[in-house]
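Comments concern the structure below.
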Amino acid sequence: MSGRHRAKVSRSNLVIGSIAASVGVSSVLAAAIVELVSPEAPPAANAPAPEASQQQPLTQQGRLVEVTADSLTTQSADGSINTYAVTPSTTAVTGSGQSASPAASFTVNDEVMVVGTRQGGTVVATAVADKSAVGPQGPPMDYGL
């Protein structure tokens with residue numbers, strides 16, 4: 001191409017483009033400086049803890065130390081004791097399959113695996129399984145999670 005066919009760029013377009021670029025760069029620099037010297041806490045620090053609004057899955061293996069129609073209490077080998085609320089949707093898994101109610105399926109001193117969720121301050125059992133019914137040969141313990 002010869003110089004005669006080249007598009008001419010007016011000086012006013014160059015000046016406007018330069019000013020726009022300068023304003024853009026200045027804005028980014030100003031935002032970075034404000035972010036660095038701002039005494040405010042980051043927004044993530046003000047966010048509520050995730051456990052306050054979400055269900056937390058949990059499991060426990062142990063021995064039943066108390067069984068009632070609406071709860072069961074287990075003790076792990078390390079001595080920790082947890083009480084789980086039992087609801088109509090709690091599944092009981094025994095050596096012969098699933099049963100209607102954990103209270104009818106298990107007694108004190110049975111070795112069990114409990115899967116549940118923490119909902120606020122309450123721990124609700126999703127499934128309770130006879131320890132002999134779970135493991136490498138048993139069904140997976142992911143009920144309701």
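The values are calculated or read from the model by the stated rules, or taken from the named source; none is laboratory data. Computed from a prediction, not measured in an experiment: that's the story for all the values here. Note that each Cβ is placed from the backbone with ideal geometry, even for glycine, and that neighbours are counted across all protein chains shown.
Counting only strands (runs of 3 or more DSSP E) that sit wholly inside region 58-109, not one has at least 2 residues that are modelled with pLDDT of 90 or more, farther than 17 Å from Val123 by Cβ and in contact with a Pro (Cβ under 9 Å, 6 or more places away or on another chain). Within region 110-120, track down each residue that is part of a strand (DSSP E or B) and either of a type in the set (D, E, K, R) or surrounded by 16 or more Cβ atoms within 10 Å (Cβ to Cβ) (or both). Listed by number, the residues that qualify are Glu111, Val112, Met113, Val114, Val115, Gly116, Thr117, Arg118. Considered as a group, the residues in region 69-104 that are touching a residue at least 24 places away in the same chain (Cβ under 8 Å) and under 15 Å from Lys131 (Cβ atoms) include one that is surrounded by the fewest Cβ atoms within 10 Å (Cβ to Cβ), and that residue is Gly95. If we scan region 39-56, do we find a residue that is assigned to a strand (DSSP E or B) and at pLDDT 80 or above? No, that holds for no residue.
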